[in-house]
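Notes to accompany the following structure.
The values are calculated or read from the model by the stated rules, or taken from the named source; none is laboratory data. Since this is a predicted model, take the numbers as computed values, not measurements. Note that we place each Cβ from the backbone using ideal geometry, even for glycine, and neighbour counts take in every protein chain shown.
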């Protein structure tokens, strides 16, 4: 079986201009959204509290909003998470509250009235919980919490349940945002340096521009659709940057080889033939990696969703930019045979 | 040409044996267990406790599957495995009754736990299951910020009072000491006394840098901590806080707590399996107090030691560790807040001792008390949860002030323990929780399940494609991929690196990338065949030519992975670890092992007619020139 039966060189560069205009427009749109609308940053970056509450029946989001609104003054978000029963609540950091207190109050507000699907005994447990969280920290001894924990354990899986609480102080958040920016910069510089050593500078510039274009597009998508941008998403973006840059490396490798073997061909012909020679490999390898990320997107559950989404988008944009953007930029930068095939040139000089 | 030297096959076999050995523990699952650890500072779990536990269980007729004494951790722990949770809970009740006869003052915490059922011989070569992060097993995570400025502040307060004493003792006259930020300004009436003070302070306090200041008429001496001393104060404060936290967390009975320094001034606390954040916070934030008191050596006091008569008025009865009772006076000589430091050291006769340093005011009281109570015993009590425990009883040998030694401790280990306990009684600097995470156990289980399910599905899909598309070479690639997965899991198990949900995602992503290398190789071989190269030659060329490209593509990914590891924390670091290790194992398995398998299959066939790598399509002669490339 062979998928790609390519009879002749595909003139990729002929269409490059059209694609580059599209790229430029989407790139500017992404930058515009990033600049004016910004990212929907997770609490890891902004500070605040996130809680995941599992109900026993599809949750009534409006009811939850009004219940929280009674105690919470700031802007909070309520959305379903994974299934209709699970709800994710984001609370901004509030002055005068220590970690976790906000989540305790919200959870007790949510369970003040029995919700659908709960066992009848749950009401008593929730009432005990509400009483317990009124205690100051110093009085929350093991003796005080043991009966409550026992009761919760007995009714596990039958009551509304607080599955996860994350609290991030504002100082940690701003640091993480800074560290994230530094990480992005270091990765870009590291790769640029490697490419500069490995290749000629026009190619390394072209590869870096092309792949930054991918990064901006992926992050831009997160800004446009208001998907939550969390720390794992940033990790995914960086990993995919490292991964897709090698696509450009492979194409440029071929370009170098073809400059050597196809002495009479023009620059455009050489680039076209190099891309044509590698396209089948490009599609198969990225197809394999995409298979992985798409299964993660489909079966990985809500916790991995945005992470897998960033990987998937990153790989797609990576293929596109390696084929249509990187080589085109190298062409615009005026890459010549003499830039790459230095040994051959020296040989000629000797012959003359 | 497609033959491997014997050593190369031996390397492959060694890698496979390593992979199997270290991957296997992950499949053994976990057995219910009971773990017993001491919650008293002076009691340790040891072999005698182990045999006591075994005897108790035997007498009650409760069958156990094995006992271990783990002395490697922060707190020695005895663990007993059982066949089912029912036996586990019966054993737990029994042990709780027998080991803690005094219900009001338990000495051991007996907690249910799950431990790996990996056989002992595997555990001995450190083949253990992967260490799961909190997002996979559930539990609580705290990140605490230690206020190190406060530690410096405390230190400067002590130095200030020490300076006053020093100058008074040496008869150097000064016109007042003032704090200005992190500097101490000592005012003098004339520069002669400043010069004198300079010499005195320089000789006595090596922690300070001194600088002259002020005017001729109003001379000043500015003292500040040397950078080294400042760092030392901060380091000690952080270490003391970590020690204190460890001691407190031990009594929670958590299976594998993680208490680690993060950055210069932060401490991470991870308590797997704990669901009760409120209680955890209560224990972490608790303040323990340390008090020094005189032993009541009056006739009434001595009479009350065995507990038959009540202690006299103004005295209380305590026990030293679990055993010997002692009656102490209620008056406090000094408390933990006044303790500046405690270090294990040696006295003039080279015996183990603990050097204690008190602040100025406690030193003055100490001088008076010791003068009046020469040759009488004094005790140090640690109060926690409102109950006191005597750490040590020592006889006052001479009159002393803020610096003294506790001697007669026997060996260096005891001295170390006591110094630690004295220091650990209280937190050196205040701490604040700046990050908190609670992950329910059901969520952890769901995360593991969905993470592994997506990896399995992705692996299956890729395998089907590879075998259909590249036939035998596809099967070899899938085999290499499976070995890659096994080696990666084995490495993660060996290093006990924390596996998080993003880490599982990284396994999936790495597998997707690892197949890249095999696709590259297979495509190159096809290309060679298309050119009309002989089969054996094509295989060799394919592997050799693809290698440079594989290396290239992995270097860029490695750069991204390394920076992620350096700058990430928590789950992201989990991702980066798997990512980087995965790249390394994938180069090894995709190139070295797959070549080995191919060589084994085809290397010895001298007249290989065709390569089973799927159908090779050749462009028609007319178009051939352009597509050849």
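Right, residue B:400: modelled with pLDDT of 75 or more and within 14 Å of chain A (Cβ to nearest Cβ) or not? Spelling it out, it is not the case that residue B:400 is modelled with pLDDT of 75 or more and within 14 Å of chain A (Cβ to nearest Cβ). For segment B:491-500, the criterion of being modelled with pLDDT under 90, buried (at least 24 other Cβ atoms within 10 Å of the Cβ) and either within 30 Å of the chain's Cα centre (by Cα) or within 30 Å of residue B:612 (Cα to Cα) (or both) is satisfied by at least one residue. Being over 18 Å from residue B:101 (Cα atoms) and in the same structural domain as residue B:70 (by TED's automatic domain parsing) holds for only one residue in B:14, B:33, B:45, and it is B:33.
Among the residues of segment A:174-190, those that are more than 23 Å from residue B:141 (Cβ to Cβ) and facing chain B (nearest Cβ under 7 Å) comprise A:182, A:186, A:187, A:190. For segment B:436-451, the tally of residues that are facing chain A (nearest Cβ under 7 Å), surrounded by fewer than 22 Cβ atoms within 10 Å (Cβ to Cβ) and within 22 Å of residue B:510 (Cβ to Cβ) stands at 1. Evaluate the following for residue A:38: is it surrounded by fewer than 19 Cβ atoms within 10 Å (Cβ to Cβ), on the phi > 0 side of the Ramachandran plot and assigned by TED's automatic domain parsing to the domain that holds residue A:231? Considered against the rule, which asks whether it is surrounded by fewer than 19 Cβ atoms within 10 Å (Cβ to Cβ), on the phi > 0 side of the Ramachandran plot and assigned by TED's automatic domain parsing to the domain that holds residue A:231, residue A:38 comes out as yes.
So that you can scan it fast, the table gives a plain yes or no per residue for (1) touching a residue at least 40 places away in the same chain (Cβ under 8 Å); (2) in a helix (DSSP H, G or I); (3) under 30 Å from residue B:614 (Cα atoms):
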site: A:15; (1), (2), (3): yes, yes, no
site: A:26; (1), (2), (3): yes, yes, no
site: A:29; (1), (2), (3): yes, yes, no
site: A:50; (1), (2), (3): yes, no, no
site: A:53; (1), (2), (3): yes, no, no
site: A:57; (1), (2), (3): yes, no, no
site: A:65; (1), (2), (3): no, yes, no
site: A:71; (1), (2), (3): no, no, no
site: A:74; (1), (2), (3): no, no, no
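Would you mind stating whether residue B:454 is more than 8 Å from chain A (Cβ to nearest Cβ), at pLDDT 90 or above and either surrounded by fewer than 22 Cβ atoms within 10 Å (Cβ to Cβ) or in a helix (DSSP H, G or I) (or both)?
no
State yes or no: is residue A:80 out of contact with any strand residue (DSSP E or B) (no Cβ under 8 Å at 6 or more places or on another chain) and either surrounded by 14 or more Cβ atoms within 10 Å (Cβ to Cβ) or without any contact (Cβ under 8 Å) to a residue 60 or more places away in the chain (or both)?
Numbers: out of contact with any strand residue (DSSP E or B) (no Cβ under 8 Å at 6 or more places or on another chain): no; either surrounded by 14 or more Cβ atoms within 10 Å (Cβ to Cβ) or without any contact (Cβ under 8 Å) to a residue 60 or more places away in the chain (or both): yes.
The answer is no for residue A:80.
Within segment B:57-64, is even one residue more than 22 Å from residue B:256 (Cβ to Cβ), within 27 Å of the chain's Cα centre (by Cα) and not assigned by TED's automatic domain parsing to the domain that holds residue B:492? For segment B:57-64, residues more than 22 Å from residue B:256 (Cβ to Cβ), within 27 Å of the chain's Cα centre (by Cα) and not assigned by TED's automatic domain parsing to the domain that holds residue B:492: absent.
In segment A:300-310, is there at least one residue being on the phi > 0 side of the Ramachandran plot, under 18 Å from the mean Cα position of the chain (by Cα) and at the interface with chain B (Cβ under 7 Å from one of its Cβ atoms)? Looking through segment A:300-310, at least one residue is on the phi > 0 side of the Ramachandran plot, under 18 Å from the mean Cα position of the chain (by Cα) and at the interface with chain B (Cβ under 7 Å from one of its Cβ atoms). The condition of being assigned by TED's automatic domain parsing to the domain that holds residue A:133, crowded, with 21+ Cβ neighbours inside 10 Å and in contact with a strand residue (DSSP E or B) (Cβ under 9 Å, 6 or more places away or on another chain) holds for only one of A:54, A:93, that being A:54.
Filtering segment B:293-319 down to residues that are assigned to a loop (DSSP other than H, G, I, E, B) and in contact with a helix residue (DSSP H, G or I) (Cβ under 6 Å, 6 or more places away or on another chain), which residue is surrounded by the most Cβ atoms within 10 Å (Cβ to Cβ)?
Pass one, segment B:293-319, residues assigned to a loop (DSSP other than H, G, I, E, B): B:296-298, B:307-314.
Next, from what is left, pick out any that are in contact with a helix residue (DSSP H, G or I) (Cβ under 6 Å, 6 or more places away or on another chain): B:309, B:311-312.
Details: B:309: 10, B:311: 21, B:312: 17.
In this case the residue turns out to be B:311.
When the residues of segment B:269-292 are filtered to those that are assigned to a strand (DSSP E or B) and at pLDDT 70 or above, which remaining residue is nearest to residue B:112 (Cα to Cα)? If you could, list the steps in order and put the result at the bottom.
Keep residues of segment B:269-292 that are assigned to a strand (DSSP E or B), which gives B:269-272, B:289-292.
Imposing the further condition that a residue be at pLDDT 70 or above reduces the set to B:269-272, B:290-292.
Values: B:269: 21, B:270: 18, B:271: 14, B:272: 13, B:290: 31, B:291: 34, B:292: 37 Å.
For segment B:269-292, the residue satisfying everything is B:272.
Using the structure shown, decide if residue B:472 is more than 13 Å from chain A (Cβ to nearest Cβ), closer than 27 Å to residue B:118 by Cα, surrounded by fewer than 24 Cβ atoms within 10 Å (Cβ to Cβ) and out of contact with any strand residue (DSSP E or B) (no Cβ under 8 Å at 6 or more places or on another chain).
On the way: more than 13 Å from chain A (Cβ to nearest Cβ): yes; closer than 27 Å to residue B:118 by Cα: no; surrounded by fewer than 24 Cβ atoms within 10 Å (Cβ to Cβ): yes; out of contact with any strand residue (DSSP E or B) (no Cβ under 8 Å at 6 or more places or on another chain): yes.
So residue B:472 fails the test.
Of the conditions (1) at pLDDT below 85; (2) out of contact with any helix residue (DSSP H, G or I) (no Cβ under 6 Å at 6 or more places or on another chain), residue A:82 fails just one. Which one is it? Of the numbered conditions (1) at pLDDT below 85; (2) out of contact with any helix residue (DSSP H, G or I) (no Cβ under 6 Å at 6 or more places or on another chain), the odd one out for residue A:82 is (2).
In segment B:209-258, how many residues are in a strand (DSSP E or B), in contact (Cβ under 8 Å) with a residue 24 or more places away in the chain and either crowded, with 16+ Cβ neighbours inside 10 Å or touching a helix residue (DSSP H, G or I) at 6+ places or on another chain (Cβ under 6 Å) (or both)? Show your work before the answer.
From segment B:209-258, those in a strand (DSSP E or B) are B:209-214, B:219-225, B:258; that's our starting set.
Keeping just the survivors that are in contact (Cβ under 8 Å) with a residue 24 or more places away in the chain gives B:213-214, B:219-225.
If we keep only those that are either crowded, with 16+ Cβ neighbours inside 10 Å or touching a helix residue (DSSP H, G or I) at 6+ places or on another chain (Cβ under 6 Å) (or both) too, we end up with B:214, B:219-225.
Residues meeting the conditions: 8.
Residue A:171 meets all of the listed conditions (1) more than 7 Å from chain B (Cβ to nearest Cβ); (2) exposed (fewer than 15 other Cβ atoms within 10 Å of the Cβ); (3) closer than 30 Å to residue A:242 by Cα but one, namely (1). Within segment A:223-246, residues that are on the phi > 0 side of the Ramachandran plot and within 7 Å of chain B (Cβ to nearest Cβ) have Cβ atoms under 8 Å from residues that are outside any loop (DSSP other than H, G, I, E, B) and buried (at least 22 other Cβ atoms within 10 Å of the Cβ) in no pair, counting only partners at least 6 apart in sequence or on another chain.
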